[in-house]
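Inspection log for the structure reproduced underneath, given as structure tokens.
The values are calculated or read from the model by the stated rules, or taken from the named source; none is laboratory data. Note that the structure is predicted; figures quoted are calculated from it, not measured. Cβ: placed from backbone, ideal geometry, glycine included. Neighbour counts: every protein chain shown. Calculation scope for accessible area: heavy atoms of the full protein, side chains included, ligands and nucleic acids excluded. Shrake-Rupley method; radii C 1.70, N 1.55, O 1.52, S 1.80 Å.
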Amino acid sequence: MFNTPTTRRRVWLGYGLAVVLTVLAAAVKLRLDAFIGSESPFLLMIAPPIVAAWYAGLGPALLATFLSALSTALLFFTEPGSLRLTPDETTQLAIFAAEAVLLAVWTVARDRARQAVRAADQKAASILESISDAFIALDSGFRYTFANEAAETLMGKKGENLLGREIWQVYPSLAGSTLEADLRRAMAERVQTAGEYAAPIDSRWLEVRAYPATDGGLSIYFRDVTERRRVEEQSRHLAAIVESSDDAIFSTSLEGTILTWNLGAERIYGYTAAEAIGKPFSLLLPPEAAREVSGRLERLREGFEARYVEAEHVRRDGTRVPAAMTISPIRDAAGRVTAASVVARDIAERKRLEQSMREAQKLESLGVLAGGVAHDFNNLLTGIMGYAGMAQEMLPRGHPACKALENVIHAGERAAELTRQMLAYSGKGSFVLEPVDLGSLVREITALIQSSISRKVQLELKLAEKLPPVVADAGQMQQLIMNLVINAAEAIGEDAGVVTVAAGAGCFDDETLRTGYSTPYTLEPGEYVWLEVKDTGCGMEQETLSRIFDPFFTTKFTGRGLGLAAVSGIVRGHRGALSVTSAPGRGSTFRVILPAASRPADAAAPPPPSPSVVSAETRTVLVVDDAEMVRHTAAAALRQHGFEVIEADGGASAIRLFASRAAGIGLVLLDMTMPDMSGDEVLRHLRAIRPDVKVVVSSGYSEKEAFRRFSGQAITAFIQKPYTAATLAEKLKRAA
């Protein structure tokens, strides 16, 4: 009883408590008797023994009983100044003492029983806490009654936050799970269950064992097996990756014998696993590469690491395939290199894409060059034709030089046609998009072409009925058809032959678009309209075939080499694609595909406003052009025709000049393309200064393209470069 200082201190405090409680009980009883008589609750005197027993044990309880009995006898049962008790009082006092002792003994016994239970529980809890597995106890209502430290750690929750709560409340996601079904079965059937479950604890896997408990609940042991499952899953996943990979993945001995073989290797090389395993690695290589690979395996044995190499490999049918191969060492537990791992990839598609990319880059570079040359050439032609026209106007009619100047102007117009073809090749030609019936267009164009080609060449049309429209520029489509048909007729030459023009529509999948057509961009699968021009001419060898779309490349003595280059540019500008098949002596087939229209095209550009009458107030013209020759030519031509001219060499200077002299400027001749500011930007600034200003736009692009570029902004008129002095003057007179 007095085995520890703490226990001894508690007992002595208990004795003191017995005295204090007895005195307090007696005082309260006396106070109550003074108010309500001697019938006040006598049970107050039994309280000190019970409290003392509960707090400090039987000794303090007996002391409290003795003191309570003594105080009762002295204060409540005897006459004042007398210690004699009546028999009845003696009996009552004895009963009181007996009851107090019995209650004290019962209290102490109950307390000790509870302490024993607590000690047992603590011992059991200590045992459960010491085990490495997580452990929880559930009552018959699936409420937590215990969770050891390992369980708290695994669940990330403290025991006090779990006790008394149902497991379904803590983890609602268990509803409908296999774990819920097994726990309910274990509870209902009182059977043991075990298994591995995907638990709602940070996406972990748990191994769970549930046992029926004697109190009607469940004892549950569980452990985290996520890492083991991860390793197992990773192994299965890696095996599945190896087996399902499109790459060839296999292993060899250091002597070069194939040991393993996946489905990717079977697809690339054509050998099944049964045919390949046990065979030498050299089976997959051309003779010139077999010795090199043997040397690589030898170097792996000597400790060299993985090497990457691209080379041709040999398939089962004898064909060769370009492949990228990595050979890596496989080591045993001691670190020794034992079989090599080989990963090989078919790179034929990559090689094709690289070639396509090189072609696209070449086309882009040539396109930039052609566009730049065409732009500058147009400006030069504007100067040549403008000055030639002015000179022609200065001479009297019938002067011998007039014919020469007329020839200069005519040559300039033919040169302008070349620049339009160069712009088409560069993809910067004038495109006004609208729904176009390609079949109808072919019928119209071929009827005109027939008269300009050899009579020995027969044109055959095979056009599907009711083709879906394509969103395209009708003029550019006419040029495309004309160039292809004339090129086909010229390939036949003076011999008899046939040019077949066919058109149709169909759905093209990604594989067909990717492998059958050469484009610098990705084509989307869907419905396309196709145009095919086939000839029975001389055909082309591969070297010629690879260059036919290059600008200025031609096999004809009198050719300019821009027809097919323009075709290529037009197709690119319409986001279509081209394919060409040809062989010497077998003719050529050109096929163009264009996306079928899925919705109505944008409305056509509005027509230019009606011409107005010239007035004195509109004869001052602001000429805006960054090209000096064009600007000076236009200014000289206009002055010759009676206009006053102000020159601006760019957008910024034009805005400054117009802001200072806006009231006196009747017309603005505005270049559409300038380096500092584009024509549409300049026009916005001019209209902000004076909304009613009249503007004539000049450009090497077409009139429709100009109206498209200036969409939303009214243009008074348009003049296409190159132009003559007379043409320019007439255009501005009509616009004034």
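Tabulated values for the structure
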read-out: Residues of the stretch 452-486 classified as within 12 Å of Val436 (Cα to Cα), in a strand (DSSP E or B) and open to solvent by 30 Å² or more (accessible area, probe 1.4 Å), total; value: 1
read-out: Subset tally (residues that are modelled with pLDDT under 85, of a type in the set (A, V, I, L, M, F, W, C) and surrounded by 14 or more Cβ atoms within 10 Å (Cβ to Cβ)) for the stretch 442-451; value: 2
read-out: Helices (runs of 4 or more DSSP H) wholly inside the stretch 668-736 that include at least 1 residues being at pLDDT 85 or above and buried (at least 17 other Cβ atoms within 10 Å of the Cβ); value: 679-689, 725-735
read-out: Those residues of the stretch 207-222 which are without any contact (Cβ under 8 Å) to a residue 24 or more places away in the chain and assigned to a strand (DSSP E or B), in sequence order; value: Glu207, Arg209
read-out: Residue that is surrounded by 12 or more Cβ atoms within 10 Å (Cβ to Cβ), under 20 Å from Gly141 (Cβ atoms) and not aliphatic (A, V, I, L, M), where the choices are Asp224, Asp215; value: Asp215
read-out: Where a residue in the stretch 168-188 is over 15 Å from Arg143 (Cβ atoms) and its partner, wherever it lies, is modelled with pLDDT of 90 or more and open to solvent by 60 Å² or more (accessible area, probe 1.4 Å), with Cβ under 7 Å and at least six apart; value: Ala186/Gln192
read-out: Some residue of the stretch 496-504 being over 31 Å from the mean Cα position of the chain (by Cα) and in a loop (DSSP other than H, G, I, E, B); value: yes
read-out: Number of positions in the stretch 712-735 that are of a type in the set (Lys, Arg) and closer than 14 Å to Asp671 by Cα; value: 1
read-out: Residue tally, condition under 18 Å from Val682 (Cβ atoms) and surrounded by 23 or more Cβ atoms within 10 Å (Cβ to Cβ), over the stretch 632-647; value: 1
read-out: Boolean, Ala151 is open to solvent by less than 70 Å² (accessible area, probe 1.4 Å), closer than 30 Å to Phe250 by Cα and either in a helix (DSSP H, G or I) or of a type outside the set (Val, Ile, Thr) (or both); value: no
read-out: Members of the stretch 499-516 that are open to solvent by less than 40 Å² (accessible area, probe 1.4 Å) and under 24 Å from Thr446 (Cβ atoms); value: Val499, Thr500, Val501, Ala502, Ala503, Gly504, Gly506
read-out: Residue list for the stretch 648-667, restricted to those being of a type in the set (Gly, Ala, Ser), surrounded by 14 or more Cβ atoms within 10 Å (Cβ to Cβ) and assigned to a helix (DSSP H, G or I); value: Gly651, Ala652, Ser653, Ala654
read-out: Breaking point among (1) part of a loop (DSSP other than H, G, I, E, B); (2) open to solvent by less than 50 Å² (accessible area, probe 1.4 Å); (3) at pLDDT below 85, for Pro608; value: (2)
read-out: Condition met for Ile593 (open to solvent by less than 80 Å² (accessible area, probe 1.4 Å) and at pLDDT 85 or above); value: yes
read-out: Pairs where the first residue, in the stretch 235-246, is closer than 12 Å to Leu263 by Cβ and the second is open to solvent by less than 70 Å² (accessible area, probe 1.4 Å), C-beta under 7 Å, 6+ apart; value: Val242/Ile249; Val242/Asn262; Glu243/Asn262; Ser245/Asn262; Ser245/Gly264; Asp246/Gly264
read-out: Lone unmet requirement of (1) within 27 Å of Leu297 (Cβ to Cβ); (2) touching a strand residue (DSSP E or B) at 6+ places or on another chain (Cβ under 8 Å); (3) in a helix (DSSP H, G or I); (4) open to solvent by 40 Å² or more (accessible area, probe 1.4 Å) for Ser235; value: (2)
read-out: Every residue from the stretch 154-169 that is within 16 Å of Ala210 (Cβ to Cβ) and surrounded by fewer than 18 Cβ atoms within 10 Å (Cβ to Cβ); value: Glu166, Trp168
read-out: Every pair of residues 6+ apart whose Cβ atoms lie under 8 Å, when the first sits in the stretch 268-279 and is under 13 Å from Val342 (Cβ atoms) while the second is part of a helix (DSSP H, G or I) and open to solvent by 40 Å² or more (accessible area, probe 1.4 Å); value: Ala276/Glu266; Ala276/Leu283
read-out: Candidates Glu180, Glu196, filtered to the one that is in a strand (DSSP E or B), of a type outside the set (Phe, Trp, Tyr), under 44 Å from the mean Cα position of the chain (by Cα) and surrounded by 12 or more Cβ atoms within 10 Å (Cβ to Cβ); value: Glu196
read-out: Residue count for the stretch 370-407, restricted to those that are out of contact with any helix residue (DSSP H, G or I) (no Cβ under 7 Å at 6 or more places or on another chain), modelled with pLDDT of 75 or more, assigned to a helix (DSSP H, G or I) and open to solvent by less than 80 Å² (accessible area, probe 1.4 Å); value: 2
read-out: Residue within the stretch 528-538 that is surrounded by fewer than 16 Cβ atoms within 10 Å (Cβ to Cβ), touching a Lys or Arg at 6+ places or on another chain (Cβ under 9 Å) and of a type outside the set (Asp, Glu) present; value: no
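Okay, residues lined up against (1) more than 30 Å from Arg708 (Cα to Cα); (2) among the polar types (S, T, N, Q); (3) modelled with pLDDT under 85:
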| site | (1), (2), (3) |
| --- | --- |
| Leu461 | yes, no, no |
| Leu467 | no, no, no |
| Val470 | no, no, no |
| Gly475 | no, no, yes |
| Ile481 | no, no, no |
| Glu490 | yes, no, yes |
| Gly493 | yes, no, yes |
| Gly497 | yes, no, no |
